[in-house]
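A.B. asks: Mind looking over this structure? Questions follow.
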Amino acid sequence: MRQFTTGDLNKQIGDVTDVASREPVILTRHNKPRFVLMSYEHYQRMRSGGDPRRAHHISEMPDEHAELFGEAIERLAHGEGYDDEP
């Protein structure tokens, strides 16, 4: 996670918010972490627990993921690999 001082936030609001749009940013005051600045979308995912990068047990896998997973396994079983994809 990138860090900026609260002074940086005052002087470089555009730069700090640009980074925060991509990843959470720690804001420090007197060399101590004080705040975290993040996009609203990231905050919503964090609050809802709906991070799309979540790992699933095969029995809990959403149907659309299970279908894609099955297709990928079939391709690998036939000797096709990731490098074969366009």
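The values are calculated or read from the model by the stated rules, or taken from the named source; none is laboratory data. In this text, all values refer to a predicted model and were calculated from it rather than measured experimentally. Remember, those area values only see protein heavy atoms, side chains included, never the ligands or the DNA or RNA. Shrake-Rupley method; radii C 1.70, N 1.55, O 1.52, S 1.80 Å.
A.B. asks: Only one residue in Glu74, Glu41, Glu85 is at pLDDT 75 or above and more than 30 Å from Gln3 (Cα to Cα), so which one is that?
C.D. replies: Going through Glu74, Glu41, Glu85 in turn, just one is at pLDDT 75 or above and more than 30 Å from Gln3 (Cα to Cα): Glu74.
A.B. asks: Which condition number does Gly7 fail, the rest of (1) at pLDDT below 85; (2) open to solvent by less than 100 Å² (accessible area, probe 1.4 Å) being met?
C.D. replies: (1)
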